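Contents: one structure, followed by commentary.
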Amino acid sequence: MKVFINKRIPEAGIQMLKEAGLEVFIPEHENLSHEEWLIYCQNNDAVLSVGGEFKYDQDFFDQCPNIKTIALYSVGFDHVDMKEANRRHIPIGNTPDVLSKATSDVAFLLMQSVARRASYNFQKVKDGNWGDFDPLHALGQELYGKTLGVLGLGRIGFEMAKKSQKAFDMKIIYHNRHQNEEAEKELNATYVSFDELIAQSDVLSVHANFTPEQKDLFNGPVFEKMKSNAIFINTARGGFQNEKELYEALVSKQIWGAGLDVTNPEPMSKNSPLLELSNVCVLPHIGSATIEARTGMAQIAAGNIIAFSKGEKLPYCANPEVYQN
């Protein structure tokens, strides 16, 4: 079986595929055009897909009928048309669990960075603009005893909530499609409606799976309902936020600050007005960027393809219903 990997991943995953007797194809240059990417896909049986710039939609499946499985190098799968994959009996693998701690670390980092205006103050030092002591300049806020609201209290959201509770004794509220009994028991988390979540949170951290229906979920009317001291954190998908309206909410002091590891669009333009604000911290989608997490993702993605090559179910399958048909 021939496997196409569109970008180089940690060697542990590549070695697993080769030791399993699979042929591995990695392009010499990684900035593939859509046409180049399609040609590679058409000439292979499986794709280990890194990044979300290419869409696995009906057009892709029509043009690449030989593709039998796709292993995503990510937890999210919003760039895959799952209904179409199911219709064609194509299992889609993803990489949950292994990056939960690393990604929650970044959410936790963003929360603190925004609360203390860390990136703004770091830039002042770099610019040689330290200045004299000013008791009232660019003050931050403390997080102790405040309320963390989590949209999507799954694995990553749970880790974020646990850190926040242990470090700052924060009260945990959350909104999910389904209640999380483990979180309610271990963290004393309280399930609330979406309206209650946005109204009660001092910090609102987004960890949900993104769907097209949730595009611009966090927009002007939503920001208006949040607390004036609220910090908005997003390490999930940039599509959740309308960034023009987020900017307007920040400059009009409807909310206090924002920390983003994902942007809309992505990458963010260097001219984005959000980057000029002292109460904003933006990172370039580094949630899983640790040696441990990225290596584990490579091993899980490779393991998914290897299992398929043996006629087995993918151990980490994002569309398990494909096996019910």
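Using the Karplus relation 6.51 cos²θ - 1.76 cosθ + 1.60 with θ = phi - 60°, the per-residue 3J(HN,Hα) values for the stretch 311-318 come to x, 9, 5, 5, x, 10, 10, 7 Hz, with x marking Gly and Pro. Taking amide hydrogens as placed 1.01 Å from N in the peptide plane, the amide H of Leu217 sits under 5 Å from that of no residue at least 5 positions away in sequence or on another chain. In summary, the lysines within cross-link reach of Lys313, defined as a Cα separation below 16 angstrom excluding same-chain residues under 8 places away, comprise Lys68. Helix 155-168 and the longest principal axis of the C-alpha atoms of the chain enclose an angle of approximately 30°. Once the gyration tensor of the Cα atoms in the stretch 100-282 is diagonalised, the equivalent ellipsoid follows with semi-axes of 26, 19, 15 Å, ordered largest first. For the peptides 155-162, 197-204, the ranking by mean Cβ contacts within 10 Å, running from highest to lowest, is 155-162, 197-204. When percent of Cα pairs over 35 Å apart is calculated directly from the model, which label among (1) 11; (2) 45; (3) 28 fits? Here the calculated entry is (3). The dipole here belongs to the chain: it is taken about the Cα centre, uses +1 on the Cβ of Lys and Arg and -1 on the Cβ of Asp and Glu, and is about 500 debye.
The phi-based Karplus calculation (6.51 cos²θ - 1.76 cosθ + 1.60; θ = phi - 60°) puts the 3J(HN,Hα) values of the stretch 65-78 at x, 7, 5, 9, 7, 10, 10, 7, 8, 5, 7, x, 9, 6 Hz, whole numbers, x for Gly and Pro. Taking amide H as placed 1.01 Å from N in the peptide plane, the amide H of Leu153 sits under 5 Å from that of His175, each at least 5 places away or on another chain.
A DSSP coil position with no more than 14 other Cβ atoms inside 10 Å describes the following GluC sites (Glu not before Pro) in the stretch 35-93: Glu53.
Largest mean-square fluctuation among Gly259, Gly51, Gly220, in a Gaussian network model of the chain whose springs join Cα atoms under 10 Å apart, belongs to Gly51. Per-residue Karplus couplings for the stretch 113-119, computed as 6.51 cos²θ - 1.76 cosθ + 1.60 with θ equal to phi - 60°, are listed in order as 4, 6, 4, 10, 6, 5, 5 Hz, Gly and Pro entered as x. Taken over the stretch 101-185, the percentage of Cα pairs per 10 Å bin, counting from 0 up to the bin with the maximum distance, is 16, 40, 24, 15, 5, 0.
For Gln141, neighbours were defined as the other residues whose beta-carbon sits under 12 Å from its Cβ, and their charges (Lys and Arg +1, Asp and Glu -1) total +2.
Expressed to the nearest 5 percent, the antiparallel share of DSSP beta bridges inside the chain is 5 percent. Between Asp97, Asp81, Asp62, which gets the highest mean-square fluctuation from a Gaussian network model of the chain, Cα cutoff 10 Å? Between Asp97, Asp81, Asp62, it is Asp62 that shows the largest mean-square fluctuation.
Between rounded, prolate and oblate, where does the stretch 222-325 land on the alpha carbon gyration tensor, with a ≥ b ≥ c its root eigenvalues, rounded for a/c under 1.5, else prolate if a/b exceeds b/c?
Here the stretch 222-325 falls in the prolate category.
Counting only DSSP H runs of at least 4 residues, each contributing -39500 (n - 2.57), and dividing by the residue count of the chain, the helix-based mean residue ellipticity at 222 nm comes to -10500 deg cm²/dmol. Computed from Cα positions, the angle between helix 291-309 and the longest principal axis of the chain comes to roughly 30 degrees.
Taking His285, His207, His137 in turn, the Gaussian network model of the chain (Cα-Cα springs below 10 Å) assigns the largest fluctuation to His137. Annotation: amide H of Ala71 within the under-5 Å range of Val47, Leu48, Ser49, Gly93, sequence separation 5 or more or interchain, hydrogens built in the peptide plane. Partners of Lys163 within straight-line reach, counting lysines whose Cα lies under 17 Å from its Cα and excluding those fewer than 8 residues away in the same chain: Lys101, Lys146, Lys171, Lys185. Here Lys162 is the anchor, and the aspartates and glutamates within straight C-alpha reach of less than 18 Å, apart from those fewer than 8 places off in the same chain, are Asp97, Asp105, Glu142, Glu181, Glu182, Glu184, Glu186, Asp202.
The order of Tyr191, Tyr56, going from fewest to most other C-beta atoms within 10 Å of their C-beta, is Tyr191, Tyr56.
Quick note: the coordinates plus some simple rules give every number you see, no bench work behind them. Predicted model only: the values in this text are computed from it and were never measured. Here Cβ is always computed from backbone atoms with ideal geometry, including for glycine, and neighbour counts include all displayed protein chains.
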